[in-house]
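Below: one structure, written as structure tokens.
The values are calculated or read from the model by the stated rules, or taken from the named source; none is laboratory data. These figures come from a predicted structure and were not determined experimentally. No Cβ is skipped: glycine too gets one built from the backbone with ideal geometry, and neighbour counts run over all protein chains shown.
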Amino acid sequence: MIISIPKETVPGERRVALVPELVPRLVQSGMEVLVQQGAGTAAGFPDNAYLEKRAHLEAEVFSQADVLLKVQPPTVQEVAKLKEGTLVIGLLQPYNHPFEIQAMAERGLTSFAMEFMPRISRAQPMDALSAMSTVAGYKAVLLAATHLPKFFPLLMTAAGTVTPARVLVVGAGVAGLQAIGTAKRLGAVVEAYDTRPVVKEQVESLGAKFVELALETSVLERKDGYAAAQSEAFYQNQQQLMTQCVESADVVITTALVPGQRAPVLITEAMVQRMRSGSVIVDLASEQGGNCALTEPGQEITKYGALIIGALNLPATVPFHASQMYAKTVTNFLTHLLKDGNIDLDLNDELTRGPLVTHQGQVLHDVVKKLLLAASKGPI
């Protein structure tokens, strides 16, 4: 069985789906590993590192693949190069790439979206989304610290005392918790807010203050562990109560996402107007529209004296460790699918069924099927 690792072609993507240290694990399972020339170079893994681990280098790896490991979803052109029945594993972004998903179904590919991995204890070693969120939360704080015209820590100097920066983290999921921890290590005073009171203990364990707002809602968390979408009235009340927290912050890092939906707008234009000049907002939800009303995805803009960073694909900016973490989750999942050296799909196993998007010519994921139906009727 041939495992193919192509070079990612999306602009700015520097990660690779398999790192050299994991090649022996697959070879020992009876597989042959083909790596496209230069696939790992941008992440800090040169071609000779793969050769030393008994991988083979090829100029083109799609047509030979029995299993294709990717970071970004394959393009329609790349899908056309794959054999019928090829197994594809990657961060397929089905909500944003329905046509690529349709192409994989029509080609007869079996595809797994790593971001759909169920959040259960057995799946933790395969949780690629949490791994990448860890990287994003860390890098968001470094971006903020670089752009903020102040020190993060309290400093006692001969020139006087420098007060610490104040950081507000909105959303205490994996990215938010990593941002909290990183900001604290840099010496900032950190506050955090989340609609789920259950995360208060985690926030406080990292040394941050948990902001509690007097809001009522019936369902705070989905079964998969993500924050549940709320009503428009809820978000309006939330915005009003958050104004004071935002106004007093030097840095605001937003991480609130609802899978498959536009990110909720939590930071309004009026809030940005009340922030101090030189303040920084890093919006980790910008790929889904942004938590800040003024965010422009992929852009750094200044409004009312505040810098708003519409960060995209931050894990690709820390490619060495991001690749290591991602490759480990993908390899763990691929190993889970193997039995006696062959792919064995047990569709009754939620670890297999959960991330499965296409199989035997069909799109199996319900939400993706609805997106495709909407796309067939017009722009989505």
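Check THR329, THR352 and return the single one that is of a type in the set (Ser, Thr, Tyr), in a helix (DSSP H, G or I) and either farther than 25 Å from ALA172 by Cα or free of Cβ contacts under 8 Å to residues at least 24 places away in the same chain (or both). Going through THR329, THR352 in turn, the sole match is THR352.
Could you please find all residues in the range 181-200 being part of a loop (DSSP other than H, G, I, E, B) and of a type outside the set (A, V, I, L, M)? Outline the logic, then answer.
Here is the first cut: in the range 181-200, the ones part of a loop (DSSP other than H, G, I, E, B) are 186-188, 194-196.
GLY187, ASP194, THR195, ARG196, listed by residue number.
If you check PHE112 against the conditions, is it out of contact with any strand residue (DSSP E or B) (no Cβ under 8 Å at 6 or more places or on another chain) and in contact (Cβ under 8 Å) with a residue 60 or more places away in the chain? Judged against the criteria, PHE112 is not a match.
Residue-by-condition table, conditions (1) in contact with a strand residue (DSSP E or B) (Cβ under 8 Å, 6 or more places away or on another chain); (2) farther than 24 Å from LEU371 by Cβ; (3) outside the structural domain of VAL330 (by TED's automatic domain parsing):
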| position | (1), (2), (3) |
| --- | --- |
| GLN37 | yes, yes, no |
| PRO46 | no, yes, no |
| GLU58 | yes, yes, no |
| ALA65 | yes, yes, no |
| GLN72 | yes, no, no |
| LEU82 | yes, no, no |
| GLY85 | yes, yes, no |
| GLY90 | yes, no, no |
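Can you tell me which residues in the range 1-26 are basic (Lys, Arg) and in a loop (DSSP other than H, G, I, E, B)? Scanning the range 1-26 gives LYS7, ARG14, ARG15. Residues that are polar (S, T, N, Q) and over 17 Å from GLN324 (Cβ atoms) were ranked within the range 110-140; the one that is surrounded by the most Cβ atoms within 10 Å (Cβ to Cβ) is SER111.
Go through the range 146-173 residue by residue and tally those that are among the aliphatic types (A, V, I, L, M) and buried (at least 20 other Cβ atoms within 10 Å of the Cβ). Walk me through how you get there before you give the answer.
Going residue by residue through the range 146-173, those that are among the aliphatic types (A, V, I, L, M) are 148, 154-156, 158-159, 162, 165, 167-170, 172.
If we keep only those that are buried (at least 20 other Cβ atoms within 10 Å of the Cβ) as well, we get 165, 167-170, 172.
Within the range 146-173, residues that are among the aliphatic types (A, V, I, L, M) and buried (at least 20 other Cβ atoms within 10 Å of the Cβ) number 6.
Filter the range 168-194 down to the residues that are β-branched (Val, Ile, Thr) and farther than 19 Å from GLN244 by Cβ and list them by number. Selection gives VAL174, ILE180, THR182.
From the list VAL272, VAL252, the lone residue that is modelled with pLDDT of 95 or more, of a type in the set (Val, Ile, Thr) and under 16 Å from ALA165 (Cα atoms) is VAL252.
Within the range 105-112, one or more residues are assigned by TED's automatic domain parsing to the domain that holds GLY85 and at positive phi. The single condition among (1) β-branched (Val, Ile, Thr); (2) surrounded by 21 or more Cβ atoms within 10 Å (Cβ to Cβ); (3) touching a residue at least 40 places away in the same chain (Cβ under 8 Å) that THR86 does not satisfy is (3). Each residue in the range 270-315 was checked for being closer than 24 Å to HIS97 by Cβ, loosely packed, with under 15 Cβ neighbours inside 10 Å and touching a residue at least 24 places away in the same chain (Cβ under 8 Å), and 0 pass.
Residues in the range 3-32 that are surrounded by 17 or more Cβ atoms within 10 Å (Cβ to Cβ), aliphatic (A, V, I, L, M) and touching a residue at least 60 places away in the same chain (Cβ under 8 Å): ILE3, ILE5, VAL16, ALA17, LEU18, VAL19, LEU22, LEU26, MET31. Residues of the range 252-310 that are part of a strand (DSSP E or B) and among the charged types (D, E, K, R): ASP283, GLU300, LYS303.
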